[in-house]
1. Taking the mean number of other Cβ atoms within 10 Å as a proxy for protection, how do you rank 192-198, 385-391 from highest to lowest?
2. Jot down the per residue volume, in cubic angstrom and as a whole number, of the convex hull over the alpha-carbon atoms of the chain.
3. Separation between the Q30 and V81 pseudo-spin-labels, each 7 Å from Cα along Cα→Cβ, expressed in nm?
4. Using just the helices of the chain, give the 222 nm mean residue ellipticity in deg cm²/dmol: DSSP H runs with n ≥ 4 each add -39,500 (n - 2.57), and the total is spread over all residues, rounded to 500.
5. Of Q185, A26, T42, whose Cα points farthest to the positive end of the dipole of the chain (charges on the beta-carbon: +1 Lys, Arg; -1 Asp, Glu; origin at the Cα centre)?
6. Keeping every protein chain in place, order S362, S23 by accessible area at 1.4 Å, biggest value first, i.e. largest first.
7. Would you please classify the overall shape of region 50-89 from the alpha carbon gyration tensor, given that a ≥ b ≥ c denote the square roots of the eigenvalues, rounded means a/c under 1.5, and beyond that prolate means a/b larger than b/c while oblate covers the rest?
8. By accessible area of protein heavy atoms, probe 1.4 Å, what ranking do K397, K414, K320 get, highest first?
Amino acid sequence: MPKVSVIVPVYNVEKYVAQCLDSILAQTLQDMEIICVDDGSTDDSPAILDDYAKKDARIHVIHKENAGYGAAMNVGFDAAVGEYIGIVESDDRIFPEMYETLYQHATAHKLDMIKSDAFYWYSEWDYRSRIHRKNLDDYYDKVLTDKDRKVFFDFYMNTWTGIYLREFLEEFGIRHHETPGASYQDNGFWIQTVSFCRRAMWLNQAFYLYRQDNPMASIKSKDKIYVMSDEYDYAEKKLREKGASKESLDRCNYYRLIRHMGTFIRVGDEYKREFCDKADQDHKKYAKISMEQENYKKWYEEIAVDPDGFCHRFIAYKTKVYTKLKTADQILIYGCGNLGQLIFRHLLNMGMYHKISCFMISGEADVNEIAGIPVRVMEKGKTLSENLLVILAVSEKSTAYTEIADILMESGVKEWLKVSDITRYFYMV
């Protein structure tokens, strides 16, 4: 029995899969098996997998007809014989110490599941931004049990930054939802693991590079309207079948409602009005679940009262913002903290890296550049170009926002975009 079985689902990733496998083979933990499930790829991915299998006996390749991500994952899980199971997406990479570190903690503390942090990763610029829940710092690096279960749902939702005890997955029959061509089939798996694991840990370390610049990633599809809803139908069904607690069922459907807002932003404008009806139906069905964030409450209220008007206003404003971005000669991001880098990632996803002139800050700079974009200190009294579009990447409720707005007006900037102008209207993972 290998210590860890690593499942790698593969579909048309000839550009990335070798780099992915190299990172797995470089693991300091040698006692492992690597199960690559080729889900009917039509490019050179199958040949690349077979070549790697010839060179390393730990790699097992399963070729199958295309049936979707969930089916490929389940084939890999059924074939795995390791003590623990890990997942690596075939366009991502991992650091060499990942599985050894996870396995040591998992066995030392007899864990059903252990996770870690990850990085958003853009390979072209080798740009990395760590995904970390700072508000949960008190819960990192500790064994968490049933009494902490609500916290499990608050950590970053993913299935691939950790390992799972295979006996635990078998005991609860935890598998992926199988729907051909669907996306987001990791959501149901995630919901099941955090609902049923008895001992878990999240390490305050990051080992996983989560690629953001694969244009073929299924999560970027604009025509898959109901895949997220279907996934949460599946998750709720599985939780009920296995006797999950009311708390887990409520959290499942809370996230269902939260995800609807992201789906509305993601899908094409021609589908938004249709999706509003589905979101409104679900909100009424799960009305007893409290929507904790005010912006979500307001969103559901607006689509319930006037969905036609809401969609019209949304699309009109989004078009206005996009036109400003598209026609700007240069874009300046004022702020290079978490919000500044959030805006930066949005612009990368929109193909606007070449337009970003710099990050601007008011105080001392900790770094000189970010992914090749210079970080500059604002000079007092300096006039900014009229052809420069400024995005003020500071919390709109903060005193800093008012102070920087004053600086911009003194510099001749008449208007700028806010963080919400980007994050509320343009989709990003």
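The values are calculated or read from the model by the stated rules, or taken from the named source; none is laboratory data. Values in this document were obtained by computation on a predicted structure and should not be read as measured data. Neighbour counts run over all protein chains shown; Cβ positions are idealised from the backbone, glycine included. Side chains are part of the model used for accessible areas, which takes the heavy atoms of the whole protein and leaves out ligands, DNA and RNA. Shrake-Rupley method; radii C 1.70, N 1.55, O 1.52, S 1.80 Å.
1. Details: 192-198: 21.6, 385-391: 16.6.
Sorting 192-198, 385-391 by mean packing, highest first, produces 192-198, 385-391.
2. On the way: hull volume 65.7 nm³, N = 429.
Hull volume normalised by residue count: 153 Å³.
3. So the two model labels end up 2.0 nm from each other.
4. On the way: 15 runs with 178 residues, N = 429.
So the calculated ellipticity at 222 nm is -13000 deg cm²/dmol.
5. Selected residue: Q185.
6. Values: S362 65, S23 10 Å².
Correct descending sequence by accessible area is S362, S23.
7. Values: a/c = 2.11, a/b = 1.19, b/c = 1.78.
In terms of gyration-tensor shape, oblate.
8. On the way: K397 195, K414 175, K320 110 Å².
Correct descending sequence by accessible area is K397, K414, K320.
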